[in-house]
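Student: I have a structure I would like to understand better, so I am pasting it below and will then ask my questions one at a time.
The values are calculated or read from the model by the stated rules, or taken from the named source; none is laboratory data. Just so you know, these numbers come straight off a predicted model, no measurement behind them. Positions of Cβ are backbone-derived with ideal geometry, glycine not excepted, and every protein chain shown enters the neighbour counts.
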Amino acid sequence: MSSEAETTPAPSPRSWDTRCCVVGGGPAGMMLGYLLARAGVEVTVLEKHADFFRDFRGDTIHPATTEVLAELGLLDEFLRLPHTEVPELRLGIDGRTFGLVDFRHLRTRCKFMAFMPQWDFLNFLATQAKQYPSFRLEMSTEATGLLRHGGQVTGVRARTAQGDVEIRADLTVACDGRFSRIRQLTDLPVREFAMPIDVLWFRVPRSEDAPPTLGYLGGGQIVIAIDRGDYWQCGTIIEKGTLTQVQAAGLAVFRDRVAHAAPFLAAGLAALTGWDQVRLLSVRSNRLRRWYQPGLLCIGDAAHAMSPAGAAGVNYAIADAVATANHLAARLRTGTVVVADLQRLQRRREPAIRGAQALQRRQTRQLARLAQSNPPIQLLRLISHTPPVKRLLGRIVGLGFGREHIHSPNHTHHR
Ligand SMILES: Cc1cc2nc3c(=O)[nH]c(=O)nc-3n(C[C@H](O)[C@H](O)[C@H](O)COP(=O)(O)OP(=O)(O)OC[C@H]3O[C@@H](n4cnc5c(N)ncnc54)[C@H](O)[C@@H]3O)c2cc1C
């Protein structure tokens, strides 16, 4: 196989061949790597970071995803990892708590949302995948370019501490998230949706227990607090592009606003002494109009960046990976993936993503409004006292649109 990049002058980069090169070791990439290896497909996953240990990801594992783990026979082992089981999502406002989303009536094995630091989940998938001989994971390896031959993508060039490498592959799958480098290297058309919010993300040491509530609202501030044992992983919503104003008002004002919404954080917030402890997470929502080129497929946030609303992006990334393995594993084994296969995959997944993103846009606008106006207490009370509505919301959030089940083969034996 030759490529344009091979014309680069010496020293020539290290290189190897594989059937499928997956760029990005997030939920989509690690799940796809695992499923392809399980199906006996030679697969290399590239992850630019040295480990999975960082904070910019959601911690939520939805009932639809735990169901996928059950179908793979991995659920018991997964549930042995430290996690929190949340059967109902609640919102706290001025000391009152409203249960809004109820998972307890789902017909799934896990009738709860599992909260687990995402690095634990990704490490779990990596450990499982490494048991298959056709799996290769390259950490600290950042894809920087696409190899092409004629009109076909034939792999990627990547940067490592030891120099550049080239991985030639029958199929490259971009799973590199909402700022996808691979996507930027293509001319795939994107539809961008304006998002009115950004998220500030910070840790607060645990000083006292809180009610098992996820979201808090007060004084025009929405605060999310995820229990991570000895600290709270907190997020708060700001109007898009207003970080400079928030910073100009001062850290004391910021701490007060957060404490107003979530009073149990007040003592711990004293540990927040510099803006370097507060990270801005830029919220994006967009969708590729076409998810593929010959030799290249984009899935997960690389194909459709999800906003944090409804905390569902991980679930959809996993479902994309499951569908990709279902559709392509057998073809990849024989090296016969054609554009029509990639087209079919987009056709299968796109309706679910369109629905989910439309819902997220609505939720995001509501979140932005909630932060600006008085909370609709009557409506929240009505929902929290209407079990069928809470169950319906539990279905929508917990299972999402376009659920996928495992149909890809389990061909290989463990190492
Ligand atoms: C503020 C915020 C909060 C969110 N909270 C939640 C939540 O609570 N629950 C939820 O379900 N969803 C949440 N989401 C959405 C969720 O994070 C994404 O939808 C989901 O992570 C997408 O998974 P992915 O595997 O497609 O991409 P990502 O999780 O973004 O993973 C991409 C991976 O690719 C790697 N990478 C990037 N570029 C390269 C490169 N060039 N070479 C090699 N590797 C590369 C990255 O390091 C990363 O590991 C949130 C999103 C935002 C912005």
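Student: Taking segment 307-326 as the search range and keeping residues that are within 6 Å of the ligand (Cβ to nearest atom) and part of a helix (DSSP H, G or I), which one is nearest to residue 33 (Cα to Cα)? Please lay out each step first, then the result.
Tutor: Quick first cut of segment 307-326, residues within 6 Å of the ligand (Cβ to nearest atom) only: 308, 311-315, 317.
Right, trim to part of a helix (DSSP H, G or I) and you get 311, 313-315, 317.
Numbers: 311: 23, 313: 18, 314: 16, 315: 16, 317: 13 Å.
Once the filter is applied, the top-ranked residue is 317.
Student: Tally up the residues in segment 264-306 that are crowded, with 23+ Cβ neighbours inside 10 Å, in a strand (DSSP E or B) and more than 16 Å from the ligand (Cβ to nearest atom), please.
Tutor: 0
Student: Which residue is surrounded by the fewest Cβ atoms within 10 Å (Cβ to Cβ), if the candidates are limited to segment 215-263 and must be of a type in the set (D, E, K, R) and out of contact with any Gly (no Cβ under 8 Å at 6 or more places or on another chain)?
Tutor: Across segment 215-263, the extreme among qualifying residues is 230.
Student: Which residues, taken from segment 30-58, are surrounded by fewer than 24 Cβ atoms within 10 Å (Cβ to Cβ) and either out of contact with any Phe, Trp or Tyr (no Cβ under 9 Å at 6 or more places or on another chain) or at pLDDT 95 or above (or both)?
Tutor: Here is the first cut: in segment 30-58, the residues surrounded by fewer than 24 Cβ atoms within 10 Å (Cβ to Cβ) are 39-40, 42, 48-58.
Residues satisfying the conditions are 39, 40, 42, 48, 49, 50, 58.
Student: Only one of 365, 347 is modelled with pLDDT under 90, away from the ligand (no atom under 13 Å from the Cβ) and over 20 Å from the mean Cα position of the chain (by Cα); which? Reasoning before the result, please.
Tutor: Details: 347 fails: modelled with pLDDT under 90.
365 is the lone residue from the list that is modelled with pLDDT under 90, away from the ligand (no atom under 13 Å from the Cβ) and over 20 Å from the mean Cα position of the chain (by Cα).
Student: Same structure again: Looking at segment 326-376 only, could you name the residues that are out of contact with any Ser or Thr (no Cβ under 9 Å at 6 or more places or on another chain), touching a residue at least 24 places away in the same chain (Cβ under 8 Å) and over 30 Å from residue 236 (Cβ atoms)?
Tutor: 332, 333, 335, 337, 339, 342, 343, 346, 348, 350, 351
Student: Taking only pairs six or more apart or across chains, which ones have beta-carbon atoms under 6 Å, a first residue in segment 265-294 that is on the phi < 0 side of the Ramachandran plot and modelled with pLDDT under 95, and a second residue that is loosely packed, with under 14 Cβ neighbours inside 10 Å and not acidic (Asp, Glu)?
Tutor: Once the first residue is on the phi < 0 side of the Ramachandran plot and modelled with pLDDT under 95 and sits in segment 265-294, its partners that are loosely packed, with under 14 Cβ neighbours inside 10 Å and not acidic (Asp, Glu) give 281/56.
Student: Mind listing whichever residues of segment 330-382 are part of a loop (DSSP other than H, G, I, E, B) and surrounded by 17 or more Cβ atoms within 10 Å (Cβ to Cβ)?
Tutor: Start the filter on segment 330-382 by keeping residues that are part of a loop (DSSP other than H, G, I, E, B), which leaves 335-338, 373-376.
337, 375, listed by residue number.
Student: Next question. Pick from segment 144-168 the residues that are surrounded by fewer than 18 Cβ atoms within 10 Å (Cβ to Cβ) and among the hydroxyl-bearing types (Ser, Thr, Tyr): which of them is nearest to the ligand (Cβ to nearest atom)?
Tutor: The residue in question is 144.
Student: So if I check each of 72, 81, which one is out of contact with any helix residue (DSSP H, G or I) (no Cβ under 6 Å at 6 or more places or on another chain) and in contact (Cβ under 8 Å) with a residue 40 or more places away in the chain? Show your work before the answer.
Tutor: Details: 81 fails: out of contact with any helix residue (DSSP H, G or I) (no Cβ under 6 Å at 6 or more places or on another chain).
The match here is 72.
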